[in-house]
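*Asks:* Before I ask anything, let me first share the structure, which is written out below as structure tokens.
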Amino acid sequence: MLTLNRWKSGTAALMALSVTVGTVAPLLTAAPSFAQTTFSDVSSNYWAADFIQQLSQRGVIAGFPDGSFRPEEAVTRAQFAAMVNKAFQKAQQRSPISFTDVPSNYWASSAIQQAYTIGFLSGYPGNRFEPNQAIPRQQVLVSLANGLEYTASGNTESILQYFNDASNIASYARSPIAAATEKQIVVNYPNVKFLNPTATATRAQVAAFIYQALVSSNQASAINSPYVVALGSITPTPVSVTIPQGTAIPVKYDKAEKILVTKDETAPLTLTVSQNVVTQEGSVVIPAGSQVVGQLKPATGGSQFIAQKLVLPGGQEYQLNASSEVITKTETVKKGTSTGAIIQNTVLGAGAAAAVSAVTGDRAIATEEVLGGAGIGALIGLFFGRNSVDLIAIDPDTDLQMTINQNLLVSVR
């Protein structure tokens, strides 16, 4: 994450139980104080990083011996049972039963019995538990709602209308998921309007669900995430926060490794915020994944990115006055140079594309390789007869980082 005016060294931690080679045994942390809280495959701007970190600090989840968390890996019903028991302390609600497919020496046998007796999980017909079955997202939400004894206060179908794919929710899951939605347990990435109820729950998703369940039962503090589903009636009142002039905005550009423009051209460009920008108190004011819309424009001695608009993942838009440093590095294109070598992993401004075409004689540069995608033919005449041309060479990963030039007022929840 990025704090206002400086990087925030928030560690990315994660959840679930790891599986050692050749077994299904989980790696459990002996105590929260010694829990691993950083993982090699969970960056600080990963959408579920905060949920994972908080649960790992509590000793609810752990990583693998190689230091990874494997956030996109599926969670089994047995693994989920073990996580639930680590997260929640609850009195026994019903007598234990013997599942035919869970032998007494199975690594999660006691965890499965405990999760059953406290009401978080049930079995299938024929006294089967299916411990190695990958658990669907809707089962996780049903388990948490039932285990915490939540019921929807509003009309189930009205609540579920929030989701664009509500018709895919199984009949048994509709009422519990409505309750979980009211309690803000549901976390949908990357689009809050899609529940994907039948999809297999990943380790990152389960971490987010369990943490939100702890928040709903007043056992944890809320995390500010744009992916937590909050119905209108329970959405917190927005709070205005001023992001001060001079705040850095870390950005990335995934479409190419290099951008080429002429020193005189203006080219449209949209960048993606690569890490959360947060207040000193930890509130996310610009979430990772937000878009910065602007232009590359001529500047003294080179080119400069000038931001015009900030678009948050939820669709909120703000006028943005921000800019990068002036980029002056150049790359010379000479007559006889292979166009393929120039444009590999590169996008060009229309002017740069025209210059390359004129100098190399190659008129086949595709519009998808050009920012703006138009006007190349009309510009070629400007470079006709040249044997070489100097273009501004921009490395998106380093050259386009920007700072805010004027205080920006945004709303956070």
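The values are calculated or read from the model by the stated rules, or taken from the named source; none is laboratory data. Note that the structure is predicted; figures quoted are calculated from it, not measured. Cβ placement follows ideal geometry from the backbone for every residue including glycine, while neighbour counts extend to all protein chains displayed.
*Asks:* Determine, yes or no, whether residue 186 is closer than 17 Å to residue 53 by Cα and either in contact with a strand residue (DSSP E or B) (Cβ under 7 Å, 6 or more places away or on another chain) or modelled with pLDDT of 95 or more (or both).
*Replies:* Taking the combined requirement at face value, the residue does not satisfy it.
*Asks:* Next question, about the same structure. Go through the residues of segment 328-340 one by one and say whether even a single one is buried (at least 17 other Cβ atoms within 10 Å of the Cβ) and touching a helix residue (DSSP H, G or I) at 6+ places or on another chain (Cβ under 7 Å).
*Replies:* Yes, segment 328-340 contains a residue that is buried (at least 17 other Cβ atoms within 10 Å of the Cβ) and touching a helix residue (DSSP H, G or I) at 6+ places or on another chain (Cβ under 7 Å).
*Asks:* Name the single residue that is surrounded by the most Cβ atoms within 10 Å (Cβ to Cβ) among those in segment 82-119 being of a type in the set (Ser, Thr, Tyr) and not in a helix (DSSP H, G or I).
*Replies:* Here the answer is 106.
*Asks:* Moving to a separate point now. Looking for whichever is in contact with a Pro (Cβ under 8 Å, 6 or more places away or on another chain) and at pLDDT 90 or above here; the options are 324, 303, 274. Which one fits?
*Replies:* The match here is 274.
*Asks:* Could you check segment 258-295 and list, in sequence order, the residues that are of a type in the set (Asp, Glu) and either under 16 Å from residue 400 (Cβ atoms) or in contact (Cβ under 8 Å) with a residue 12 or more places away in the chain (or both)?
*Replies:* 264, 265
*Asks:* For segment 174-191, give me each residue that is in contact (Cβ under 8 Å) with a residue 24 or more places away in the chain, in contact with a Leu (Cβ under 7 Å, 6 or more places away or on another chain) and not hydrophobic (A, V, I, L, M, F, W, C).
*Replies:* The answer is 176, 181, 182, 188.
*Asks:* If a residue counts only when it is within 33 Å of the chain's Cα centre (by Cα) and of a type in the set (A, V, I, L, M, F, W, C), which strands (runs of 3 or more DSSP E) contained entirely in segment 309-360 have at least 3 such residues?
*Replies:* Correct list: empty, since no element meets the threshold.
*Asks:* Further, regarding this structure: I need the full set of residues from segment 63-81 which are within 24 Å of residue 106 (Cα to Cα), in a loop (DSSP other than H, G, I, E, B) and within 22 Å of the chain's Cα centre (by Cα), in order please.
*Replies:* Passing the criteria: 63, 64, 69, 70, 73, 75.
*Asks:* Kindly provide the set of residues from segment 47-62 that are more than 19 Å from the chain's Cα centre (by Cα) and crowded, with 21+ Cβ neighbours inside 10 Å, ordered by number.
*Replies:* 60, 61, 62
*Asks:* Here's a follow-up. Return yes when residue 363 is charged (D, E, K, R), at pLDDT below 80 and within 29 Å of residue 319 (Cα to Cα) and no when it is not.
*Replies:* no
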